[in-house]
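Okay, so here's the structure we're looking at.
The values are calculated or read from the model by the stated rules, or taken from the named source; none is laboratory data. Model, not experiment: these values are computed from the prediction. Here the Cβ positions follow ideal geometry from the backbone for every residue, glycine too, while neighbour counts run over all protein chains shown. Calculation scope for accessible area: heavy atoms of the full protein, side chains included, ligands and nucleic acids excluded. Shrake-Rupley method; radii C 1.70, N 1.55, O 1.52, S 1.80 Å.
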Amino acid sequence: AASRAAAPRMRETSSRAGKRMSVRLSRPIRWILAVAVAAVLAVGLWAVVSVSVDRPIAYDAITEQFKYGSIGSEPGVSLLRPVGGVLPPYWIFRALPEICRDKLPGGYASLGFVVEPGRELPIGVSRRRRLGVDQAGLNCAVCHTGTVREAAGAPPRIVLGMPAHQIDLQSFVEFVLDCTLDNRLTADSIRGRFPGDEGPAAMERLLLRAGLVDRLKIATLELKNRISPILGDRVPRWGRGRVDTFNPYKAIQFNWRLEQLPAGERLGASDYPSLWNQKPRQGMHLHWDGDNDSVDERNLSASLGAGVTPVTVDHAGLRRIRNWIWTLPPPPYPFVIDGAAADRGARVYAAQCASCHADHRFRDGVTSGTRVGLVEDIEQIATDRHRLDSYTSVFAANQYGLFPASPYRFTRFRKTNGYANHPLDGIWARAPYLHNGSVPTLRDLLEPPERRPPTFYRGYDVFDQQNVGFVTDVPEADGRRFFQYDTTVPGNGNGGHVYGTTLPDDEKRAIVEYLKRF
């Protein structure tokens, strides 16, 4: 009985001792747990902040912003479903030419990208921190920056706002897609090419270990499948200085199946336009076929062609560029002009050309000419119609749905039946000529179509001062192979625009000399 009476007291004493020990042990455990929870919360907060940051690299100087600033073409939305752009993240983009050296031995410069000394990115490529990753994208300068040289071996002059006559954008897109899908592109191969102490931020390093490359390959394969009908040999090559503006747009923005479109509609390659002097162009019919008369809508539409989406577009960045090109003057002709011949040419030009294309005063905003900015019917102008036919009424109707319930909603697009009469400011730097770049020089354009060069090379930046255009008989130079343009290929026709072709040779030469003043 005594033993049974003592047992409860022993259990009570043992319980109190256990509680005291539990209290003593729980304090450090609670501290450890608290620190662990705080660490988890801190890491979670860091991850959320890192992924939610959307910060482009911006530049104070507008010329630098034009060359390297973002317009929103870098991928966005989420890591699971990135949209926008054709470029991989910044550090991967930099590594591609080394990883796939056999596919692009000369680097991006061999495709006509302009690379300034000391710059890691070519002109026309931007950098932006988005979704925890340093992203790369294309901007306006990739299509609107060119180089001019006086002679082989001379230093190139970089001209902003000029058509990018030297770039092979189709081959560039194919290289990026192919190398990104190449088995040699792995997280280890990327990490092994971080330069020195540089490299991605901690979040991106973590994502590289957590399957970023695999996700990138899936997104790239999806993009390649969408636009494959206009890559490779499925359509005639765009070549240097040309782009198919609207067919990639159809695939990426509207998710159309390009292979189901009529074959002729998939042939829309044309030259890049210049960006100078936009203020007096407001209200004129813009794009080659005159399908819009709003500079702002034209700019926004063009940015979609560079990889921007309605979700990722940077309206503030676009506005900076718009305000700059509003009054950006064309570059003056950098070589000698025969003044007497130019004076004679001014008189001939006034009689033959000024009504459609204005005169040299347009560089100062004087919009003379009764038909400047209007559309000439295709039956009248008679130039190659493939670019015209690639833009359809159905496409225009779909454009209206891109920015619904938004101040940026398109309202000015329409289908036309010809090509617009454009002013000729800075025309010396806009070669080759016609909308598809099928005529190499101004002098050639004044010849009947049957006497224009049937084939020539595009992409060389040495200038032909006599005929006004670029030298076209050089197949390769400085590690670059130039594009042989064949006017017999569908979409490449050099017919039509026969104005001035019956003039005497001395008057043709005089017009060409006068056009150097534009």
- Task: Please give the contour-minus-distance gain from residue 102 to residue 476: 0.36 nm per residue of separation, less the Cα-Cα distance, rounded to one decimal in nm.
- Result: 132.8 nm
- Item | For segment 245-383, projected area of the alpha-carbon convex hull averaged over all directions, nm² | 10.9 nm²
- Accessible area of the chain divided out per residue, in Å², using a probe of 1.4 angstrom: 44 Å²
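In what sequence, highest mean first, do 287-294, 462-469 appear when ranked by Cβ atoms within 10 angstrom? Numbers along the way, then the final one.
Details: 287-294: 21.9, 462-469: 19.4.
Answer by packing, highest mean first, reads 287-294, 462-469.
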- Value of relative contact order over segment 222-321, rounded to a whole percent, pairs C-alpha under 8 Å and six or more apart: 23 percent
- Query: Any idea of residue 103's accessible area? Nearest 10 Å², probe 1.4 Å.
  - Reply: 90 Å²
- Query: Using 1/(1 + (r/R0)^6) with R0 = 35 angstrom and r between the beta carbons of residue 397 and residue 489, what's the FRET efficiency to the nearest 0.05?
  - Reply: 0.70
- Query: Ranked from highest to lowest mean number of other Cβ atoms within 10 Å per residue, what is the order of the peptides 394-401, 426-433?
  - Reply: 426-433, 394-401
- Taking amide H positions as placed 1.01 Å from N in the peptide plane, with prolines and chain starts having none, which residues 5 or more places from residue 464, or on another chain, fall under 5 Å of its amide H? 469, 470, 471
- Message: Could you tell me the extents of segment 108-198's C-alpha atoms along the three principal axes, largest first, rounded to whole Å?
- Response: 45, 27, 26
- Item | Label of the coordinate-derived value, Kirkwood radius over Cα pairs in Å, listed as (i) 25.4; (ii) 24.3; (iii) 26.1 | (i)
- Message: Starting from a Cα-only point model with no solvent, please compute log10 I(q)/I(0) by Debye for segment 402-476 at q = 0.23, 0.24 1/Å.
- Response: -1.07, -1.14
- Mean separation of Cα pairs under 8 Å and 6+ residues apart, divided by the residue count of segment 359-518: what relative contact order is that in percent? 27 percent
- Work out from phi, with θ = phi - 60° and the Karplus expression 6.51 cos²θ - 1.76 cosθ + 1.60, the ³J(HN,Hα) of each residue of segment 466-471, listed in order in whole Hz, and give x for Gly and Pro. 6, 9, 6, x, 10, 4
- Message: Suppose R0 equals 35 Å. What FRET efficiency, 1/(1 + (r/R0)^6) with r the Cβ-Cβ distance, do residue 119 and residue 326 give to the nearest 0.05?
- Response: 0.85
- Message: Probe radius 1.4 Å, ligands and nucleic acids ignored: give me the carbon and sulfur share of the accessible area of segment 284-338 as a rounded percent.
- Response: 60 percent
- Note on the structure: Under the 7 Å Cα-to-Cβ spin-label approximation, residue 405 and residue 503 lie apart by a distance in nanometres of 5.6 nm
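If I stretch the segment between residue 228 and residue 343 completely, what's the gain in nm (0.36 nm per residue apart, minus their alpha carbon distance), one decimal?
On the way: separation 115, 0.36 × 115 = 41.40 nm, distance 5.11 nm.
Net length gain for the segment: 36.3 nm.
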- In nanometres, what is the gap between the two model label sites at residue 316 and residue 109, each 7 Å from Cα along Cα-to-Cβ? 3.5 nm
- Item | Estimated FRET transfer efficiency (residue 154, residue 380; beta-carbon r; R0 35 Å; 0.05) | 0.25
- Convert 10 °C to kelvin, take the viscosity as 1.306 mPa s, use the Kirkwood radius over C-alpha pairs of segment 451-512 as Rh, and evaluate the Stokes-Einstein diffusion coefficient in µm²/s, rounded to a whole number. 117 µm²/s
- Any idea what Rg and Dmax come out to for segment 327-456 if you just take the C-alpha atoms, in Å? 17.9, 57
- Search the structure for amide H atoms under 5 Å from the amide H of residue 439, placed 1.01 Å from N in the peptide plane, and list their residues when 5 or more places away or on another chain. 433
- Item | Over the chain, relative contact order from alpha-carbon pairs under 8 Å, at least 6 apart, % | 16 percent
- Query: Can you count the Lys pairs in the chain with C-alpha separation below 20 Å, eight or more apart or on different chains?
  - Reply: 5
